[in-house]
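Visitor: Dropping a structure here in structure tokens format, bear with me for questions.
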Amino acid sequence: MHSSQPSNLDALCELIRAQHPCVFIPTFEEEYALQLVRDAAIRLGRGAWSWSIIRGVSDTLLSNAPVESATENPVIGLARLAQIAESKDNASGMGGSCGPLLAALDLAPHLADDRTLRLLRETIPRLQRHGATLVLIDHRSDLPPAVIADATRLDLSFPTRDELHEIVKATLQWAHRGKPVRVNLSKRDLETFLRNLAGLTRRQARQVVLDAIAQDRTFDGNDLHNILSLKRQAVTAGGLLEYVKSPVDLSAIGGMKSLKQWLADREQAFEPDAAAKGLVPPRGVLMLGVQGAGKSLCAKAIATAWQRPLLRMDVGGLYNRYIGESERRLRDALRQAEAMAPIVLWIDEIEKAFAGAASTSTDGGLSRRMFGALLTWMQEHRAPVFLAATANDIEALPPELLRKGRFDEIFFVDLPGEEARDQIIRIHLMQRSQDPKVFDVTRIVGATQGYSGAEIEQAIIASLYKAAAKGDALTTDMVVEAARNSPPLSVTMRERVDELRRWAKGRCVPAD
């Protein structure tokens, strides 16, 4: 399946044809971005030069090109690039209106120097007059506002299915030259493999292939079992998205009858013929509720019901001390989530991440900008990414988030009722090799009124420790005693819980 989006090369060429004097590419895939500059120069019949603080200025189109001496300093390097742009020898097209492409690597840190910043600002209009384009390739996105105003940002997309196919072939051919690699993969296995690579960068995808063949020098259907594990490691290394293991069956989740029915009713929206039936896949839910009542389980229930991978976004990791980096990290995480679709994206305790957006914040407006970026994405994204957001503190939520249309539904996860507690108790007993039939479950249900699912679980765990210490088998009395010795949150924070319930009445759909 081919992507309808223009390729990165097409997008760069379009900006160059439109005579954008400065293009900014924030990326960790520097070599790939530099290759884009080379390919664009070849396609458009331009020259291409690059600068770095280590190599100085060199011709990018020539392999092993000699570097120009004494051009490592950013001021001298920028001045030399400007001279190259203004040289008639480097112009092409009518009247010299099509100048060369000039790439500067990791220039952002040096713009803290006033001379370098001043020179860059003066260089950009000079390049525009000569039809040249300066491409800033940087691992950071904290450019000075004056430069951002003159630069056109180009965010590189994740590799398409066809590009991943080429990466797999090229990587296997490269590895085979060092030591033979046996490839035995059916067409169906290959498609599964490519689908599992979606959402990785080009470097990560290549490394996953190398990891898969490292031990046995074989690439076959048996490697598919390890691919998701390798992908999890690659994604987690980025620090923002984390794979979360969800139960294989909804029966492992107690209660939440209404939520489970809601999920079942929308399951057909993901079928191939859904559009013909007028069905549109749901986009997300917000789950409010008592702490420990099972909102995290709700997110897992969604992933389980629809058989989708569950990714948790570490919103705390989004914030960065560099100006502009936090916004970039959020955009990158959302773009990666889209590339890995279909998935369930879980943002836990969303109010903590964007609390500053609900009031006058002291972070210079960062929380509000981040929150605005998330709202825009929620409204405009088209990839099958289902957002499952959870929150404990309603007052900290920005009002815009609760507006109708932001989420398909807002669920309230209350403390479990009798039927739900019965299910929860049986599930946790069975998970710990205990037969529920030998317990008076009804009595435990009565003793745990007002307890959350997490508190019931802890009571069972505490009673197991006590039984092990005594060398006895676990009994109903032990579980009941453990529960009574640990008052629930609904008692210690009764006023807060009651207030939460009053707010949710009429505003939210009960999850159970």
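Visitor: Beyond 43 Å, what percent of the Cα pairs of the chain remain?
Guide: So the pairs more than 43 Å apart make up 33 percent of the total in the chain.
Visitor: Right, next: Hey, what's the per residue convex hull volume over the C-alpha atoms of region 122-273, in cubic angstrom?
Guide: 241
Visitor: Extending each Cα 7 Å along its Cβ direction at residue 249 and residue 503, get the distance between those two points in nm, one decimal.
Guide: 3.8
Visitor: Amide H of residue 24 versus every other amide H placed in the peptide plane: which residues, excluding those fewer than 5 positions away on the same chain, fall under 5 Å?
Guide: The list, which skips near neighbours in sequence, is 136, 152, 153, 154.
Visitor: Hey, what's the Kirkwood Rh for region 95-158 if you take every pair of different alpha carbons, in angstrom?
Guide: After inverting the mean inverse Cα-Cα distance, the result is 12.6 Å.
Visitor: If each of residue 477 and residue 115 carries a label point 7 Å out from its Cα toward its Cβ, how far apart are those two points in nm?
Guide: 8.6
Visitor: On the protein heavy atoms, probe 1.4 angstrom, tell me the percent of accessible surface of the chain carried by carbon and sulfur.
Guide: Roughly 51 percent, rounded to a whole number.
Visitor: Rg and Dmax of region 430-512 over Cα atoms: what are they, in angstrom?
Guide: 15.4, 50
Visitor: Between residue 257 and residue 226, what is the spin-label point distance in nm, taking each point 7 Å from the Cα along the Cα→C-beta axis?
Guide: That separation, rounded to one decimal, is 4.7 nm.
Visitor: Right, another one. Name the residue from 388, 399, 378 whose Cα lies farthest towards the positive end of the charge dipole of region 373-412, charges +1 on Cβ of Lys and Arg and -1 on Cβ of Asp and Glu.
Guide: My answer, from the dipole projection, is 378.
Visitor: Moving on to the next point. For a paramagnetic label modelled at 7 Å from the Cα of residue 7 toward its Cβ, which residues of region 147-175 fall within the zone defined by backbone nitrogen distances under 20 Å?
Guide: Only 154-174 fall inside the zone, counting backbone N under 20 Å.
Visitor: I'd like the antiparallel share, as a percent to the nearest 5, of DSSP beta bridges with both residues in the chain.
Guide: 20
Visitor: Explain nothing, just compute: Karplus ³J(HN,Hα) = 6.51 cos²θ - 1.76 cosθ + 1.60, θ = phi - 60°, for every residue of region 24-32 in order, whole Hz, x for Gly and Pro.
Guide: So the J values, rounded to whole Hz, are 10, 10, x, 6, 8, 8, 4, 4, 5.
Visitor: Here's a follow-up. With a 1.4 Å probe and all protein chains in place, put 179, 295 in order of accessible area, largest first.
Guide: Most to least solvent-accessible, the answer reads 179, 295.
Visitor: At a Cα cut-off below 30 Å, give the lysines reachable from residue 187, other chains included and same-chain residues fewer than 8 away excluded.
Guide: Within the straight-line cut-off, residue 187 pairs with 169, 179, 231, 245.
Visitor: Along the charge dipole of the chain, Cβ charges K/R +1 and D/E -1, which of 44, 475, 445 sits furthest on the positive end?
Guide: Value: 44.
Visitor: Okay, moving on. Sort the following peptides by mean Cβ neighbour count (other Cβ atoms within 10 Å, averaged over residues), highest first: 152-165, 413-426.
Guide: Order by mean packing, descending: 413-426, 152-165.
Visitor: A further question on this structure: Only Lys, Arg, Asp and Glu count, each charged at its Cβ (+1, +1, -1, -1), so figure out the dipole size of the chain about its Cα centre, rounded to 20 debye.
Guide: Dipole about the Cα centre, nearest 20: 440 debye.
Visitor: Take each of the peptides 388-397, 180-189, 473-482, average the number of other beta-carbon atoms within 10 Å over its residues, and list them starting from the highest.
Guide: For the peptides 388-397, 180-189, 473-482, the packing ranking is 388-397, 473-482, 180-189.
Visitor: In nm, what is the difference between 0.36 nm times the number of residues separating residue 419 and residue 157 and their Cα-Cα distance?
Guide: 89.5 nm
Visitor: Using a Debye calculation, one point per C-alpha and no hydration shell, please list log10 I(q)/I(0) for region 1-91 at q = 0.16, 0.19, 0.22 Å⁻¹ in order.
Guide: Treating every Cα as an identical point scatterer, log10 I(q)/I(0) equals -0.72, -1.01, -1.31.
Visitor: Let me ask you something else. With every protein chain present, what is the per residue accessible area of the chain (1.4 Å probe, Å²)?
Guide: It amounts to 50 Å² per residue over the chain.
Visitor: Select from 464, 433, 489 the residue farthest towards the positive end of the dipole of region 426-512; place +1 on Cβ of Lys and Arg, -1 on Cβ of Asp and Glu, and compute about the Cα centre.
Guide: The one lying farthest along the dipole's positive direction is 489.
Visitor: Around residue 103, which amide H atoms from residues at least 5 apart in sequence, or from another chain, sit under 5 Å from its own amide H, with H modelled in the peptide plane?
Guide: 49, 50, 51, 135
Visitor: Right, next: Please turn the phi angles of region 212-217 into ³J(HN,Hα) values with the Karplus equation 6.51 cos²θ - 1.76 cosθ + 1.60 (θ = phi - 60°), one per residue in order, whole Hz, x for glycine and proline.
Guide: Per-residue couplings from phi come out as 5, 9, 4, 7, 10, 6 Hz.
Visitor: Still on this model: Under a Cβ-only charge scheme (Lys and Arg +1, Asp and Glu -1), can you give me the dipole magnitude of region 33-188 about the Cα centre, in debye to the nearest 20?
Guide: Value, rounded to 20: 760 debye.
Visitor: If you don't mind, another one. Give a residue-ordered list of calculated ³J(HN,Hα) values for region 410-421 (Karplus: 6.51 cos²θ - 1.76 cosθ + 1.60, θ = phi - 60°; whole Hz; x for Gly, Pro).
Guide: Here the 3J(HN,Hα) series is 10, 9, 10, 9, 8, 4, x, x, 4, 4, 5, 5 Hz.
Visitor: Related question: Note down the magnitude of the dipole of region 153-210 about its Cα centre, charges +1 on Lys and Arg C-beta and -1 on Asp and Glu C-beta and zero elsewhere, to the nearest 20 debye.
Guide: About 220 debye.
Visitor: What Kirkwood radius, in Å to one decimal, follows from the Cα pairs of region 366-512?
Guide: About 18.1 Å, per the Kirkwood formula over Cα pairs.
The values are calculated or read from the model by the stated rules, or taken from the named source; none is laboratory data. Worth saying up front: this structure is predicted, and the values here are computed from it rather than measured. All Cβ positions, glycine included, derive from the backbone under ideal geometry; neighbour counts span all protein chains shown. In case anyone asks, the SASA skips ligands and DNA or RNA and just uses the protein heavy atoms, side chains included. Shrake-Rupley method; radii C 1.70, N 1.55, O 1.52, S 1.80 Å.
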